[in-house]
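Q: Next up is a structure, given as structure tokens.
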Amino acid sequence: MKLNAFACADGYVLSNECMLAPKAAEDAHGAMSGLLGIVDCTELPPPLCEAVVESVYSDHYAFLSIAQALDVNLKIHPASLPRTG
């Protein structure tokens, strides 16, 4: 599963690739940055990937603290821009 990544004060919010960060995420974790890029959930350790997917399905977003992101060496890939012209 590929997820959009947004930074917030205490970590990262991940949402489905077709969504922005939900208002509930902003209410819980503060203001969000613009889209940082894409996280491929399969690059996370399996237990964390499962927890992230479950959270995205139930809450429409997942949160990773800065410590978690550092612990798993979170990779945020550039987002693809739609082709024009």
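Q: Would you be able to tell me the number of residues in the stretch 56-79 that are within 11 Å of the chain's Cα centre (by Cα) and part of a helix (DSSP H, G or I)?
A: Count: 2.
Q: A further question follows. Of all strands (runs of 3 or more DSSP E) completely enclosed by the stretch 1-46, which ones contain at least 1 residues that are touching a residue at least 60 places away in the same chain (Cβ under 8 Å)?
A: Fully inside the stretch 1-46 and qualifying: 2-8, 11-16.
Q: Any idea which of (1) at positive phi; (2) at pLDDT 95 or above is the one ALA51 doesn't satisfy?
A: Against the list (1) at positive phi; (2) at pLDDT 95 or above, ALA51 comes up short only on (1).
Q: Just name the residue that is least open to solvent (accessible area, probe 1.4 Å) out of those in the stretch 4-62 that are more than 20 Å from HIS77 (Cα to Cα) and among the polar types (S, T, N, Q).
A: Per the criteria, the residue is SER55.
The values are calculated or read from the model by the stated rules, or taken from the named source; none is laboratory data. Owing to the predicted nature of the structure, the values given are computational and were not obtained by experimental measurement. Glycine also receives a Cβ, built like all others from the backbone with ideal geometry; neighbour counts cover every protein chain displayed. Keep in mind that these areas ignore ligands, DNA and RNA; they rest on the heavy atoms of the full protein, side chains included. Shrake-Rupley method; radii C 1.70, N 1.55, O 1.52, S 1.80 Å.
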